[in-house]
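The values are calculated or read from the model by the stated rules, or taken from the named source; none is laboratory data. The model shown is predicted, which means the values in this text are computed figures rather than measured ones. No Cβ is skipped: glycine too gets one built from the backbone with ideal geometry, and neighbour counts run over all protein chains shown.
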Amino acid sequence: MAGNWKMFKTPAETTAFFEKFLPMVAGATGRDVLICPPFVNIAAAVAATAGSNVGVGGQNLYWSTKEGAFTGEVSGPMLKAAGCRSVIIGHSERRQFFGETDETVFKRTKAALESGLQPVVCVGELKEERESGRTNDVLGTQLSGGIGGLTADEFAKIVIAYEPVWAIGTGLVATPEMAQDAHAFIRSHVAAKFGNNAAAAVRILYGGSVKPDNVKGLMAQSDIDGALVGGASLKPEDFASIVNF
């Protein structure tokens, strides 16, 4: 159960969030809990979650693992040293606003793995792509370009997040059946590339306006293994309700 805070909260607000949130999820078992705050809040999040069952991740990373003249970028080794365990890669907002491509998703995924971080690799279709019946084509292309070049050992270390772009921050949400269909396709694509065991083992998260009132129906689907939560992860009560569904 992962929370993506996007460009919200200050360090002080981050500390205040965890003061409320951690007691609410202290008893959560059988699930990993991850929160990905903005870079400037990572130190506060790592300090606040020390000794807890909640991990901290980044929202992006640069594809070079070496230090260098890359103004404005943050590397995998920096995130790892700051206390992160995971990093989101290829979120639809990165694709939409910042020129992310399947090629750069692959390069970032490799850099994350090289740095000892767990990549949460995002895929998903636009509204017009779904309406024209091209959802599976789009997902297949993104999966092939973004993770298809990984070795089997590398693939075993990643998480996939399906996030239909038309459901990100819009209030629209895929029905559990729609989400299940996409997750099943992703798993079948993985099976064809990496084998049935890899397909059974990989965790596929659903992201797209997940809220306390719809998480149970989504999580009841056989191929949905977790959630990548945006807006609802900013409120301690809401995200705790999702984690503890």
Exercise for the section: Being touching a residue at least 40 places away in the same chain (Cβ under 8 Å), in a helix (DSSP H, G or I) and buried (at least 19 other Cβ atoms within 10 Å of the Cβ) is the filter here, so list the residues in the stretch 19-41 that pass it. Expected result: PHE21, VAL25
Practice task
State whether the residues of the stretch 168-181 include one that is of a type in the set (Val, Ile, Thr) and touching a strand residue (DSSP E or B) at 6+ places or on another chain (Cβ under 6 Å).
Solution key: no
Exercise for the section: State all residues of the stretch 155-175 that are closer than 20 Å to GLY195 by Cβ and either among the aliphatic types (A, V, I, L, M) or without any contact (Cβ under 8 Å) to a residue 12 or more places away in the chain (or both); if no residue qualifies, say none. Expected result: ALA156, ILE158, VAL159, ILE160
Fill in the blank from the handout: Filtering the stretch 178-210 down to residues that are in contact with an Asp or Glu (Cβ under 6 Å, 6 or more places away or on another chain), in a helix (DSSP H, G or I) and hydrophobic (A, V, I, L, M, F, W, C) yields ALA184
Handout entry: Qualifying residue in the stretch 144-152 (condition: surrounded by 22 or more Cβ atoms within 10 Å (Cβ to Cβ) and either under 25 Å from MET7 (Cβ atoms) or modelled with pLDDT of 95 or more (or both))
Key = yes
Handout entry: Pairs, first touching a residue at least 40 places away in the same chain (Cβ under 8 Å) and farther than 18 Å from VAL210 by Cβ in the stretch 176-197, second of a type outside the set (Val, Ile, Thr) and outside any helix (DSSP H, G or I), C-beta under 8 Å, six or more apart
Key = LYS193/GLY148
Handout entry: Identity of the residue in the stretch 124-144, farther than 18 Å from ALA191 by Cβ and among the small types (Gly, Ala, Ser), that ends up nearest to the chain's Cα centre (by Cα)
Key = GLY124
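If you scan the stretch 223-241, which residues turn out to be out of contact with any helix residue (DSSP H, G or I) (no Cβ under 7 Å at 6 or more places or on another chain) and outside any helix (DSSP H, G or I)?
Selection gives ASP225, GLY226, LEU228, GLY230, LYS235.
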Practice task
Return the residue satisfying two criteria in turn: it lies in the stretch 155-165 and is in a loop (DSSP other than H, G, I, E, B) and buried (at least 17 other Cβ atoms within 10 Å of the Cβ), and of such residues it is modelled with the highest pLDDT.
Solution key: ILE158
